Amino acid sequence: MSDKKHHEEAQKENNVVDMEQFRRKRARLKARRVIIILSVIAVLLVAGAVFVYKYINKVYETMEVMAVVDWKPTGEATILPYGNDFISYSSDGIHCTASKGVDLWSFSYVMQDPMVEVRGDYVAVADRGGRNVYIYDRSGPIGEIATPSPVQMIRLSAGGVVAAVLDDTTTTPVYLYYHDGTPISYFRTTMSRSGYPSAIGISDNGRLVGISFLYVDNGQITSRVAFYNFGEVGKNETDNLVSGHEYPSELVPMVEFLDNGTAFAVANDRVMFYEGSETPTAVSENRISGEVRSVYHGNGRVGLVYYDEGGSSKYVCDVYNRKGELDCSIHFDVDYKEIRFSGDRIIIYNSSSCEIYTTKGMLKYKGDFEDSVYLCLPGSSPETFVLVTDAGIKNVRLN
């Protein structure tokens, strides 16, 4: 009996020892697994950091043509980007062409001074001094607006809302329409009460309209940037006016929206930024040291171009973000016809050459085109572009 008890106790001790060994072995395996996982993560992080560093700092040297599609321009047409496609128009008609060279739609008209607005999926066309505004989307014509007096200026929201500044004998009416021609609202301005509208902008959703008025106050030229809300907030305000900003001795020839709640205006000596999706308020002012030659905007950024007085280049472009902060100043020599913002790229080009920078001001590519270029569109990746040229539509890649 004692032998049996001794055997059981010995077996029990062995089991205890075996369990302790098992636990230690399992702990070692867990520790080894953690070390392996951490090592793999570290390798991936290092590889990713190297890739990002090389990508950010890579400078491209050549532009390779990947494919060419037959296309020829029609007469002396003006060409505008339309997403990945493009619009071409003249005094006798308008065409929408896919980047593959196929006409999506085409319509004829006779206009002395056509005004064309492209925003989102919508296109608006009006003859300055005429009484009709024609609206298109990617399927073709979707609406026609008949205005009560001649059209001076039109603006278009990304949702298809049209703002039209009209010409009357004693007043300057401002109308808002849906793209199918249905009126939304209107108000009338006069020189004695509000001044002459010199610029107008509309938010993406069509709710906010910003107008720059020019008037004379005690013999002094003054500008007022006024914001109108055509949603619920503006219903209780006179003429839907929700905020106004005075700029004595200033000309403000440009008011634009970057999105539904961010707007900017450019005066002769400053650029102003406003925030608010209901009641825009001024959030930033940046003084301008030189004379602004041109203004471009897109992807939440604004670029002001000046002559580079006393500098090493011909031009300088100051790039601001949507908060009104200066991101970078780009010095360049291209006698540009267009500057386009695409992702983290800034594309500066004319018909024969281009320069591409990051939004931090780093040069990524500088080179000449093989053919005369009408339009440079971003491709499916940061390295690819679609060039609308006199030799066809070319898909190119930077190497």
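The values are calculated or read from the model by the stated rules, or taken from the named source; none is laboratory data. All values derive from a computational prediction rather than experimental measurement. FYI the Cβ positions are ideal-geometry reconstructions off the backbone, even for glycines, and counts take in every protein chain you see.
With the condition kept exactly as written, say whether any residue in the range 83-93 is within 25 Å of THR389 (Cβ to Cβ), exposed (fewer than 15 other Cβ atoms within 10 Å of the Cβ) and not small (Gly, Ala, Ser).
yes
Conditions tested, residue by residue: (1) part of a helix (DSSP H, G or I); (2) closer than 12 Å to SER212 by Cβ.
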site: ARG224; (1), (2): no, yes
site: TYR228; (1), (2): no, no
site: GLY234; (1), (2): yes, no
site: GLU246; (1), (2): no, yes
site: VAL252; (1), (2): no, yes
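Between a first residue in the range 205-232 that is at pLDDT 95 or above and surrounded by fewer than 19 Cβ atoms within 10 Å (Cβ to Cβ) and a second residue that is part of a loop (DSSP other than H, G, I, E, B) and hydroxyl-bearing (Ser, Thr, Tyr), which pairs have beta carbons less than 6 Å apart while being 6 or more apart in sequence or on different chains?
Listed by first residue and then by second, the contacts come to nothing, as the list is empty.
Before we move on, is GLU144 charged (D, E, K, R) and either over 24 Å from the mean Cα position of the chain (by Cα) or not in a strand (DSSP E or B) (or both)?
On the way: charged (D, E, K, R): yes; either over 24 Å from the mean Cα position of the chain (by Cα) or not in a strand (DSSP E or B) (or both): yes.
Answer is yes for this residue.
Enumerate the pairs (first residue in the range 335-350 and surrounded by fewer than 17 Cβ atoms within 10 Å (Cβ to Cβ) and charged (D, E, K, R); second residue anywhere and at pLDDT 95 or above and in a loop (DSSP other than H, G, I, E, B)) with beta-carbon separation below 6 Å, excluding pairs fewer than 6 apart on the same chain, so at least 6 apart or on different chains.
Note: pairs meeting the criteria are ASP335/ASN350; LYS337/ASN350.
For the range 287-295, does any single residue satisfy the condition of being part of a strand (DSSP E or B) and under 22 Å from ARG155 (Cα atoms)? It would help to see each step written out before you state the result.
Pass one, the range 287-295, residues part of a strand (DSSP E or B): 287, 294-295.
Cutting the leftovers down to under 22 Å from ARG155 (Cα atoms) gives us 294-295.
Yes; the residues of the range 287-295 include at least one that is part of a strand (DSSP E or B) and under 22 Å from ARG155 (Cα atoms).
Can you go through SER342, SER312, SER372 and tell me which one is over 25 Å from GLY101 (Cβ atoms), in contact with a strand residue (DSSP E or B) (Cβ under 8 Å, 6 or more places away or on another chain) and among the polar types (S, T, N, Q)?
Values: SER342 fails: over 25 Å from GLY101 (Cβ atoms); SER372 fails: over 25 Å from GLY101 (Cβ atoms).
It is SER312.
Return the residue satisfying two criteria in turn: it lies in the range 242-258 and is among the charged types (D, E, K, R) and surrounded by 18 or more Cβ atoms within 10 Å (Cβ to Cβ), and of such residues it is nearest to GLU232 (Cα to Cα).
Here is the first cut: in the range 242-258, the ones among the charged types (D, E, K, R) are 246, 250, 256.
Filter again for surrounded by 18 or more Cβ atoms within 10 Å (Cβ to Cβ), leaving 250, 256.
Values: GLU250: 32, GLU256: 22 Å.
Residue satisfying both the conditions and the ranking: GLU256.
In the range 181-210, what residues are polar (S, T, N, Q), within 20 Å of ALA263 (Cα to Cα) and in a loop (DSSP other than H, G, I, E, B)?
The answer is SER203, ASN205.
Residue by residue, here is whether (1) out of contact with any Asp or Glu (no Cβ under 9 Å at 6 or more places or on another chain); (2) closer than 30 Å to ASN236 by Cβ holds:
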site	(1), (2)
PHE273	no, yes
GLY290	no, no
ARG293	yes, no
TYR306	no, no
LYS323	no, yes
GLY343	yes, no
CYS354	no, no
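Among the candidates VAL125, VAL69, single out the residue that is more than 16 Å from CYS376 (Cβ to Cβ) and touching a residue at least 12 places away in the same chain (Cβ under 8 Å).
Working: VAL69 fails: more than 16 Å from CYS376 (Cβ to Cβ).
The conditions single out VAL125.
Here is a list of conditions, (1) closer than 24 Å to VAL165 by Cα; (2) at pLDDT below 90, and ILE288 meets all of them except one; can you say which number that is?
Against the list (1) closer than 24 Å to VAL165 by Cα; (2) at pLDDT below 90, ILE288 comes up short only on (1).
Of the residues in the range 296-313, how many are modelled with pLDDT under 95, touching a Phe, Trp or Tyr at 6+ places or on another chain (Cβ under 9 Å) and either assigned to a strand (DSSP E or B) or more than 26 Å from ASN205 (Cα to Cα) (or both)?
5
Please find, among ARG340, ARG397, ARG322, the residue that is out of contact with any helix residue (DSSP H, G or I) (no Cβ under 8 Å at 6 or more places or on another chain), in a loop (DSSP other than H, G, I, E, B) and not aromatic (Phe, Trp, Tyr).
Values: ARG340 fails: in a loop (DSSP other than H, G, I, E, B); ARG397 fails: in a loop (DSSP other than H, G, I, E, B).
The match here is ARG322.
If ALA126 satisfies every condition in (1) outside any loop (DSSP other than H, G, I, E, B); (2) surrounded by fewer than 19 Cβ atoms within 10 Å (Cβ to Cβ); (3) more than 23 Å from the chain's Cα centre (by Cα); (4) not β-branched (Val, Ile, Thr) but one, which is the exception?
(2)
Quick check: anything in the range 337-345 more than 24 Å from VAL65 (Cα to Cα) and among the small types (Gly, Ala, Ser)? Break it down stepwise before answering.
Of all residues in the range 337-345, those more than 24 Å from VAL65 (Cα to Cα) come to none.
No, that holds for no residue.
If I ask for residues that are over 20 Å from SER289 (Cα atoms), of a type outside the set (A, V, I, L, M) and assigned to a strand (DSSP E or B), which ones from the range 254-279 would you list?
GLU256, PHE257, THR262, TYR274, GLU275
Has the range 295-304 got any residue that is within 26 Å of ARG193 (Cα to Cα), surrounded by 15 or more Cβ atoms within 10 Å (Cβ to Cβ), in contact (Cβ under 8 Å) with a residue 24 or more places away in the chain and of a type outside the set (D, E, K, R)? Talk me through it step by step, then tell me what you get.
Let us first name the residues in the range 295-304 that are within 26 Å of ARG193 (Cα to Cα), namely none.
No, the range 295-304 contains no residue that is within 26 Å of ARG193 (Cα to Cα), surrounded by 15 or more Cβ atoms within 10 Å (Cβ to Cβ), in contact (Cβ under 8 Å) with a residue 24 or more places away in the chain and of a type outside the set (D, E, K, R).
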